[in-house]
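> Before we start, here is the structure in question, set down as C-alpha cells.
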There are 2 protein chains.
Amino acid sequence: MNTPVSPTDSLSPATAARLRVVLVGTQHPGNIGAAARALKTMGLARLVLVAPEDYPAEEAYRRAAGADDLLGDAPVVATLAEAVADCHLVLGCTARSRRVQLEEHAPRQAAALAVGRATAGGEVALVFGRERTGLSNEELQLCHAAVHIPANPEYSSLNLAAAVQVLAYEMRLALLEGATATTAEPVHPDETPASHAHVEGFFAQLGDTLDAIDFHKGRTPDSAMRKLRRLFAKADLTEQEVRLLRGILADAQRMARLAGQGGTGSLS
Amino acid sequence: MNTPVSPTDSLSPATAARLRVVLVGTQHPGNIGAAARALKTMGLARLVLVAPEDYPAEEAYRRAAGADDLLGDAPVVATLAEAVADCHLVLGCTARSRRVQLEEHAPRQAAALAVGRATAGGEVALVFGRERTGLSNEELQLCHAAVHIPANPEYSSLNLAAAVQVLAYEMRLALLEGATATTAEPVHPDETPASHAHVEGFFAQLGDTLDAIDFHKGRTPDSAMRKLRRLFAKADLTEQEVRLLRGILADAQRMARLAGQGGTGSLS
C-alpha cells in the first residue's frame with residue numbers, strides 16, 4: 001500500500017503517496033483495471049478495493065495494461081469504513097448532487113483540497129461507488145465532502161474509470177502546481193488534522209448527547225445530524241478541537257444525567 | 001453530423017456543435033464506443049471516424065452505453081484531411097511532445113482556444129491518433145497546434161477513451177465558463193451566510209452554556225472561547241446552522257437548570 005510514485009517524476013512522492021483512490025463494490029473487473037491504468041498515468045499509485053464483485057479477474061489485469069503493479073499492491077477490504085479509517089479527508093464522488101447534505105466540490109476544488117491536505121501530512125481518500133448505484137447514503141456519511149463532475153444533465157453516466165481519470169488528472173495538475181511552489185508551510189502541533197476515526201468518535205458522542213438533552217423531541221435525528229456533519233466538515237477539525245468539543249459534550253451529558261436523577265424526581 | 005447538444009443543457013448548443021472530435025485509425029472498436037460515451041457525458045455530440053480498423057462493431061455500441069446516437073451520427077471518412085477540411089482550428093493530441101515542431105498546449109489552454117474559436121463561429125477539430133502509434137507526422141502537419149496531457153513520464157500510456165474524456169471535460173468547463181460569464185449564481189436560502197450579529201449572539205449563548213454546565217471548572221474561560229471562535233470561524237456558519245446550534249445550546253442550558261434544581265437537591 002506504500003508504493004511510492006517514481007522519484008524521477010516531478011511530483012512529490014511523499015505527497016502523492018498520501019492520496020488513495022478507493023473503489024467501492026465495483027461490478028466490472030475491467031473498470032478496476034482501467035482505473036489502475038488511469039491512476040498510474042497520472043503518477044498516483046495507491047488503489048484500495050472495497051468488496052469488489054468479481055475480483056481478482058483476468059479482465060482487470062488485461063485492462064490495467066502496464067499498471068498491473070498497482071493492482072497487485074491494492075488491498076481488498078470489506079467495508080469503506082475500513083478503507084478510510086486512518087484518513088483525515090475523505091471525498092466521495094457522486095453522479096447526482098444534493099442526495100445528502102454534504103458540501104459539494106467541483107473536481108478542481110476537490111483536487112486542491114486533497115493535495116493541500118496531503119501536503120500538510122494528512123491521509124486523503126477519493127471514493128468511487130458502484131457503477132450502477134454509486135455510494136449508499138451510509139457510505140456518503142463517511143465522507144467529509146462530495147465531488148461532482150459537472151456532466152451533461154441529460155446524460156451524466158460517466159464510466160467509472162473515466163471518472164477516476166478526470167479526478168486523477170485534476171490531482172496531478174494540483175500536485176504539479178504544488179511541486180512548483182517553493183516551500184511547504186510547517187504544521188503547528190495544535191493544527192494536526194483530526195483523523196477520520198476521531199471525528200467519527202466525536203459524531204457518535206454528539207448523537208448520544210442530543211438524545212440525552214432531548215434535543216430531537218420526537219423528530220427523527222437524521223436531518224439534524226446531517227446538518228451537523230456538514231457544519232463540522234466545513235470546519236476541518238484539528239485533534240485539539242475534537243478534544244475540546246468532546247469535553248463540552250461530556251459536561252452536557254453529565255448535566256443531563258443529573259437532571260434525570262434529580263430533575264425528573266422533582267417533577268414526580 | 002449536425003446533431004446539436006440538448007437545449008436543456010446549460011451549454012450554448014451552437015458553440016458546442018462547432019466542436020468535433022476526430023478519431024484516426026482507431027484499432028479497438030471498444031475505444032470508439034467509450035469515446036462516444038465520454039463526449040456525450042460532457043455535452044458534446046460530434047464524432048468523426050477516420051479509417052477505423054474494425055468498424056462498425058458490436059463492441060463499439062456496447063461500450064457506448066446510452067451514447068449510441070453519437071455513433072449512429074458519426075461519419076466515417078478515409079483521411080484526416082477530409083475530416084477537417086472545413087475546420088478553422090485543428091488540435092492534435094499527442095502522447096509524446098516535441099515530435100514535430102508544433103506549438104504545444106496543455107488541455108486547459110487548448111480547451112480555452114477551441115471554445116474561443118467556436119464561440120466566434122469557427123469550426124474546431126480535436127484529433128486523436130491510433131492507440132499504439134498516435135498520429136503520423138503527415139497527420140500532425142494538418143494540425144495547427146498540439147495538445148499534450150501532462151502524464152507521468154514513466155508511464156504515459158493513457159487509454160484513448162480516457163484521453164478523450166480528459167479533453168472533453170476541459171472543453172465542457174470552458175463551455176460552462178462561457179455560459180455563466182453573464183449570469184450570477186443565486187444563493188440557496190439555507191445557504192445564507194449568518195450575519196455578524198447572529199454569530200455573536202451564538203457565541204454569547206455558548207459562553208453562558210459553558211458556565212451553566214460547569215465546563216471551565218475554575219479555569220479561565222478565555223482560552224476555550226478563543227479556540228471555539230476560531231473553530232466556528234472556519235466553518236463559515238449559515239443562518240440555518242446558527243439556529244441549529246442555538247437550539248442545542250438551549251437544551252443543554254435547560255438540562256443544567258434541571259440538574260441545578262433537582263440534582264443539587266438530591267445531594268443536599
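The values are calculated or read from the model by the stated rules, or taken from the named source; none is laboratory data. Here the structure is a predicted model, which is why all the values come from computation and not from measurement. Positions of Cβ are generated from backbone atoms using ideal geometry, with glycine treated the same way; all protein chains shown enter the neighbour counts. These accessible areas exclude ligands, DNA and RNA; they are computed on the full protein's heavy atoms, side chains included. Shrake-Rupley method; radii C 1.70, N 1.55, O 1.52, S 1.80 Å.
> What is the extension gain from residue A:108 to residue A:217, computed as 0.36 nm multiplied by their sequence separation minus the C-alpha to C-alpha distance, in nm to one decimal? Write out the running numbers ahead of the final one.
On the way: separation 109, 0.36 × 109 = 39.24 nm, distance 4.14 nm.
Between residue A:108 and residue A:217, full extension yields 35.1 nm more.
> Hey, got the dipole for segment B:189-263? About the Cα centre, +1 on K and R Cβ, -1 on D and E Cβ, debye to the nearest 20?
Values: 11 positive and 11 negative charges, 79 e Å.
Charge dipole of segment B:189-263: 380 debye, to the nearest 20.
> If you don't mind, another one. At residue B:226 and residue B:145, where each label point lies 7 Å from the Cα along Cα→Cβ, what is the point-to-point distance in nanometres?
That separation, rounded to one decimal, is 5.2 nm.
> Could you state the angle between the C-alpha long axis of helix B:222-235 and the longest principal axis of the C-alpha atoms of chain B, as a value from 0 to 90 degrees rounded to the nearest 10?
The angle comes out at about 30 degrees.
> Ignoring ligands, DNA and RNA, please state the percent of accessible area on segment B:4-76 from carbon and sulfur, probe 1.4 Å. Intermediate results must be reported in sequence, preceding the final value.
Working: 1280 of 2500 Å².
Within segment B:4-76, the accessible surface is 51 percent carbon and sulfur.
> Here's something else I'd like to know. What number comes out for accessible area per residue over chain B if the probe is 1.4 Å? Units Å², please. Working shown, then result.
On the way: 12490 Å² over 268 residues.
Accessible area per residue, chain B: 47 Å².
> With unit charges on the beta carbons (Lys and Arg positive, Asp and Glu negative) and the dipole taken about the Cα centre of segment B:189-263, which residue among B:238, B:220, B:201 sits farthest to the positive side?
Checking the options against the dipole of segment B:189-263, the answer is B:220.
> Separate question: Have a look at segment B:39-57 and report residues whose accessible surface goes down by 40 Å² or more when the remaining protein chains are included, against the chain on its own, probe 1.4 Å, ligands and DNA/RNA excluded.
B:40, B:41
> Can you list the aspartates and glutamates whose alpha carbon sits under 17 Å from that of residue B:227, skipping same-chain ones fewer than 8 residues off?
List returned: A:190, A:191, A:236, A:239, A:241, B:200, B:208, B:211, B:236.
> Could you report the buried accessible area between B and A, both sides summed, computed with a 1.4 Å probe and given in Å² to the nearest 100? Walk me through the numbers on the way to the answer.
On the way: alone 15250 and 13950 Å², together 23690 Å².
That pair hides around 5500 Å² of surface in total.
> On the accessible surface of segment A:191-267, probed at 1.4 Å, how many percent belong to carbon and sulfur atoms? Each step should come with its number before you reach the end.
On the way: 1770 of 3300 Å².
Carbon-and-sulfur percentage of accessible area, whole number: 54.
> Could I ask something else about it? Compare each residue of segment A:150-170 in its chain alone against the assembly with all protein chains, and report those whose accessible area goes down by 20 Å² or more; 1.4 Å probe, heavy atoms.
Those residues are A:150, A:152, A:153, A:154, A:155, A:157, A:158, A:159, A:162, A:165, A:166, A:169.
> Please list, by residue number, every one of the GluC sites (Glu not before Pro) in segment B:83-144 that is coil in DSSP and has at most 13 other beta-carbon atoms within 10 Å. It would help to have the intermediate numbers written out before the result.
Values: sites: B:103, B:104, B:123, B:131, B:138, B:139; in loops: B:103, B:123, B:131.
Passing both the DSSP loop test and the Cβ count: B:103.
> Right, next: Counting only protein heavy atoms, what percent of the accessible surface of segment B:122-176 is carbon or sulfur at a 1.4 Å probe? Can you show the working numbers first?
Numbers: 890 of 1850 Å².
Heavy-atom surface of segment B:122-176 belonging to carbon and sulfur, 1.4 Å probe: 48 percent.
> I've got another one for you. Using the eigenvalues of the Cα gyration tensor, what equivalent ellipsoid semi-axes result for the protein assembly as shown when each is taken as the square root of five times the eigenvalue, whole Å, largest first? All intermediate terms of the calculation are to be shown ahead of the outcome.
On the way: eigenvalues 537, 108, 87 Å².
Value: 52, 23, 21 Å, ordered largest first.
> Taking the alpha-carbon distance from residue A:40 and a cut-off under 29 Å, which lysines remain once sequence neighbours fewer than 8 residues away in the same chain are dropped?
Straight-distance partners of residue A:40: B:40.
> Using a simple spin-label model with points 7 Å from Cα along the Cα→Cβ vector, what separation in nm is obtained for residue B:58 and residue A:191?
Simple spin-label model gives 6.0 nm for this pair.
> Just the Cα atoms of segment A:191-267, one point each, no solvent: what log10 I(q)/I(0) does Debye give at q = 0.15, 0.17, 0.19 Å⁻¹?
Listed by q, the Debye log ratios stand at -0.58, -0.71, -0.84.
> Please find, in a Gaussian network model of chain A (springs between Cα atoms separated by less than 10 Å), the residue of A:37, A:63, A:18 whose mean-square fluctuation is greatest.
A:63
> Send over the semi-axes of chain A's equivalent ellipsoid, whole angstrom and largest first, taken as the square roots of 5 times the C-alpha gyration tensor eigenvalues.
Details: eigenvalues 281, 96, 51 Å².
Ellipsoid half-lengths, sorted descending, are 37, 22, 16 Å.
> Among A:238, A:133, A:119, which one shows the biggest mean-square fluctuation in a GNM of chain A, springs joining Cα atoms closer than 10 Å?
The residue with the greatest mean-square fluctuation here is A:133.
> Would you mind counting up the charge near residue A:86? Only other residues with Cβ under 15 Å from its Cβ, with Lys and Arg at +1 and Asp and Glu at -1.
0
> Another one. Against the longest principal axis of chain B, how steep is helix B:29-41, in degrees 0 to 90 to the nearest 10, with axes from Cα atoms?
Relative to chain B, helix B:29-41 is tipped by roughly 50 degrees.
> Please tell me the relative contact order of chain B in percent, rounded to the nearest whole number, where contacts are Cα pairs under 8 Å and at least six residues apart.
Details: 401 pairs, mean separation 51.1, N = 268.
Relative contact order of chain B: 19 percent.
> Set the Förster distance to 60 Å, then compute FRET efficiency between residue B:132 and residue A:81 from the Cβ-Cβ distance, nearest 0.05.
On the way: r = 42 Å, r/R0 = 0.71.
Taking R0 as 60 Å, the efficiency between residue B:132 and residue A:81 is 0.90.
> Quick one: Cα centre-to-centre distance for segment A:198-256 and segment A:38-117, in angstrom?
29 Å
> Could you check which residue among B:136, B:195, B:12 shows the biggest mean-square fluctuation in a GNM of chain B with a 10 Å Cα cutoff?
With Cα springs under 10 Å in chain B, the top fluctuation among B:136, B:195, B:12 is at B:195.
> When the dipole is taken about the Cα centre of segment A:25-132, and only Lys, Arg (+1) and Asp, Glu (-1) are charged at their Cβ, what size is it in debye, to the nearest 20? Let's see the in-between values first.
Working: 12 positive and 13 negative charges, 104 e Å.
Value, rounded to 20: 500 debye.
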